[in-house]
2 protein chains.
Amino acid sequence: VSVRVAVDALGGDYGPRVAVEGAVRACRENDIHVVLVGPRDLISTELARTGGDGRITVVDAPDSVAMAEKVTRATLKKRSSIQVAIEQVRDGTADAFFSAGNTAACWAIAKLVLGTLEGVDRAALAAVMPNLSGHTVLLDVGANANCRARHLEEFAVMGSVYAELGLKIPNPRVGLLSVGEEETKGNELVKEVHEVLRASKLNFVGNVEGRDIFLGTVDVVVTDGFTGNVVLKASETLATSMMKLLKQELMRSWRTKIGALLSKPAFLAIKKRVDPDEHGGVPLLGINGACLIGHGKSDAYAINNGIQAAARFFTSGVNEGIVAALKMLTRGGGHHPATGTGTV
Amino acid sequence: VSVRVAVDALGGDYGPRVAVEGAVRACRENDIHVVLVGPRDLISTELARTGGDGRITVVDAPDSVAMAEKVTRATLKKRSSIQVAIEQVRDGTADAFFSAGNTAACWAIAKLVLGTLEGVDRAALAAVMPNLSGHTVLLDVGANANCRARHLEEFAVMGSVYAELGLKIPNPRVGLLSVGEEETKGNELVKEVHEVLRASKLNFVGNVEGRDIFLGTVDVVVTDGFTGNVVLKASETLATSMMKLLKQELMRSWRTKIGALLSKPAFLAIKKRVDPDEHGGVPLLGINGACLIGHGKSDAYAINNGIQAAARFFTSGVNEGIVAALKMLTRGGGHHPATGTGTV
């Protein structure tokens, strides 16, 4: 049976044109069933243009949530494409949700409509950061500003399960973000969480520093939503600024213009390497349903990747894995129940 | 009268050879008097090699602090080049201190030897980050993990004075690092500090996000030492990784190799743009003395720049400005005493 993904047809900077095109590609290339959610007329027009696909169904949702719209306003729109698409997952008419739209709105609506997984107190937004040898999962980046130790413990478990089942990294190395590798450094929260993670069954390698996010020394970096959000936004902007600066400098003379032309394959390779579109989307971890969010600048290719990633997230069993791992934590105080050493 | 700078001759990855060469350059080019501190024999040999300069004096300090040495160990070495060089400032035999050595050790020793400025509860390490149009001062990046509102208020004042007098940015715009521009977002500390800064006489533009560090939308970004340190280390590593990745990709084929050769002026321009060596060094703000720290990878050119920057820091009156600005804060609760509205 093929996976059914509910897609927010209005999500992303390029609107329904690319969302519909991406959906059609996902159906054709991967035998995914897509439920396109948005204004019916708009979607029909786009479907007619691309030729459509028998695996696509349309669900009408007249309202849209703007990319910069405030969450408090977005959650009031009960017939928005985001809300109605997420309801498909709740009602069992879809297995997963994908949007390239307003991340904060998707997150808030997903929490309201689907709730959190059993045992999850705080859902997390995970970012998948490129490093020299692969990817590092950084979480939480979702602006969960005031985190307690229990929340970071959950983030560690969810990040580890996602890295293992979602990204196929065996026995993922988990690091706790701090300001020094010595255990004595870091703030009070870090010290508390360090002890908890050391006693857990996770492959906890200890505290890591900001640089480790991009070095590939660990697979999962755990931090509070404030620090994670700041680091993510700073990194995204730095990378973009550097590429912009390079372009400016390359356009200064004929020599460098020709150099740029010849160097193009290298620039494209790097773009592909650091491009979030290649990866497909970031998951809302801890939500009771498979929800993936793509980059706002997603083109049809990226939307297709995102829909595939949402389907994979569903079949990979990340959510079931999170529930099982958290159950072990609460039952065994970090020990596997089978060892008999856990306190029940 | 020319400024006298005490230079840690052992600081930096390249040892006394480049430190001495940089010192000689600083004397010749800018009429600075340098007190070179380190093992006398070693310094004499290097001075003989470069020809020396009449404006250089040597003070013997037999011990060295390694780049990765723990602060607790480094502070025990009472005859280290760092300790003895900072003592020159304390004893009035030098006006400023410069080292390209172990930043954490310099900081700890400076606090022990010189203490903090009047009114400063917590000294801060400021980073000067390149952005598309100039530089942004980010502080604290010094791993002051547990900050209170009063500390961030001090950071804001010190960063603003440094930007204005040290970097010659008129009326610097100060932003508070948070996870959203809306005042309601951010953690408890941010909310508290936001109110304090809004009531101050600083040019406070409100909360900013991680991206603003590299956008040039503000001149000073204030944050706690945990977040600042993580962002700084992540950014440095991301920038280095991207350049490394680009180099790898450019070496893959003859076409891109020739492209790289032709593009070289652009790469050099970017390197210069983001290179900390160009800037000279980062100040230890709030320390009762002019102390600047250069990058470990400083060559003679960078050491020369750093020594000049230390001299400029001394003459620019940043420290006097900080003391005056903090006095206004405590006296007037954010109001200038002349307005008569302050509570004494």
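In table form, for the structure just shown:
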item	result
Filtered residues of the stretch A:23-43 (kept if over 18 Å from residue A:1 (Cβ atoms) and in contact with a strand residue (DSSP E or B) (Cβ under 8 Å, 6 or more places away or on another chain))	A:23, A:24, A:36, A:37, A:38, A:39, A:40, A:43
Any hit, the stretch A:239-249, residues being within 30 Å of residue A:152 (Cα to Cα), open to solvent by 70 Å² or more (accessible area, probe 1.4 Å) and more than 7 Å from chain B (Cβ to nearest Cβ)	yes
Where residue B:153 falls short, out of the listed (1) away from every other protein chain (no Cβ under 14 Å); (2) more than 17 Å from residue B:226 (Cα to Cα); (3) touching a residue at least 24 places away in the same chain (Cβ under 8 Å)	(2)
When residues of the stretch B:1-17 are limited to those that are over 12 Å from residue B:89 (Cβ atoms) and of a type in the set (Gly, Ala, Ser), the one farthest from the chain's Cα centre (by Cα)	B:2
Subset of the stretch A:5-19 that is in contact with a Lys or Arg (Cβ under 9 Å, 6 or more places away or on another chain) and open to solvent by 30 Å² or more (accessible area, probe 1.4 Å) - its residue that is nearest to residue A:77 (Cα to Cα)	A:13
Qualifying residue in the stretch B:124-135 (condition: surrounded by fewer than 23 Cβ atoms within 10 Å (Cβ to Cβ) and away from every other protein chain (no Cβ under 14 Å))	yes
Residues that are open to solvent by less than 10 Å² (accessible area, probe 1.4 Å) and of a type in the set (S, T, N, Q), drawn from the stretch A:287-328	A:298, A:304
For residue A:103: the one exception among (1) open to solvent by less than 10 Å² (accessible area, probe 1.4 Å); (2) under 25 Å from residue A:65 (Cβ atoms)	(1)
Residue within the stretch A:258-280 that is under 14 Å from residue A:127 (Cβ atoms), among the basic types (Lys, Arg) and either more than 7 Å from chain B (Cβ to nearest Cβ) or free of Cβ contacts under 8 Å to residues at least 40 places away in the same chain (or both) present	no
Which numbered condition residue B:91 misses (of (1) in contact with a helix residue (DSSP H, G or I) (Cβ under 7 Å, 6 or more places away or on another chain); (2) open to solvent by 40 Å² or more (accessible area, probe 1.4 Å); (3) of a type in the set (D, E, K, R))	(1)
Conditions (1) in contact with a strand residue (DSSP E or B) (Cβ under 6 Å, 6 or more places away or on another chain); (2) of a type outside the set (Ser, Thr, Tyr); (3) more than 25 Å from residue A:27 (Cα to Cα): number failed by residue A:94	(3)
Residues located in the stretch A:104-132, provided they are in a strand (DSSP E or B) and closer than 20 Å to residue A:321 by Cβ	A:116, A:124, A:125, A:126, A:127, A:128
Count of the stretch A:196-216 residues which are among the β-branched types (Val, Ile, Thr) and either free of Cβ contacts under 8 Å to residues at least 24 places away in the same chain or assigned to a strand (DSSP E or B) (or both)	2
Selection from the stretch A:27-68 of residues that are closer than 20 Å to residue A:13 by Cβ and part of a helix (DSSP H, G or I)	A:42, A:43, A:45, A:46, A:49, A:50
Residue within the stretch A:165-187 that is within 14 Å of another protein chain (Cβ to nearest Cβ), touching a Lys or Arg at 6+ places or on another chain (Cβ under 9 Å), surrounded by fewer than 24 Cβ atoms within 10 Å (Cβ to Cβ) and at pLDDT 90 or above present	no
Residue list for the stretch B:189-221, restricted to those being over 19 Å from residue B:326 (Cα atoms), of a type in the set (Asp, Glu) and either within 14 Å of another protein chain (Cβ to nearest Cβ) or open to solvent by less than 10 Å² (accessible area, probe 1.4 Å) (or both)	B:209, B:212
Residue satisfying condition, being closer than 18 Å to residue A:77 by Cβ and within 24 Å of the chain's Cα centre (by Cα), within set A:22, A:38	A:38
Inter-residue pairs, beta-carbon under 8 Å, first farther than 26 Å from residue A:2 by Cα and of a type outside the set (A, V, I, L, M) and in the stretch A:95-115, second open to solvent by less than 10 Å² (accessible area, probe 1.4 Å) and assigned to a helix (DSSP H, G or I), 6+ apart	A:102/A:74; A:102/A:82
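Residues are listed down the side, and each one gets a yes or a no for (1) touching a helix residue (DSSP H, G or I) at 6+ places or on another chain (Cβ under 7 Å); (2) of a type in the set (Gly, Ala, Ser); (3) under 22 Å from residue A:109 (Cβ atoms):
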position: A:7; (1), (2), (3): yes, no, yes
position: A:17; (1), (2), (3): yes, no, no
position: A:37; (1), (2), (3): yes, no, yes
position: A:47; (1), (2), (3): yes, no, no
position: A:57; (1), (2), (3): no, no, yes
position: A:62; (1), (2), (3): no, no, yes
position: A:71; (1), (2), (3): yes, no, yes
position: A:74; (1), (2), (3): yes, yes, yes
position: A:77; (1), (2), (3): yes, no, yes
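The values are calculated or read from the model by the stated rules, or taken from the named source; none is laboratory data. Since the model is a prediction, treat every value here as computed from it, not as a measurement. Don't worry about glycine lacking a Cβ; one is built from the backbone with ideal geometry, like all the others, and counts go over all protein chains shown. In case anyone asks, the SASA skips ligands and DNA or RNA and just uses the protein heavy atoms, side chains included. Shrake-Rupley method; radii C 1.70, N 1.55, O 1.52, S 1.80 Å.
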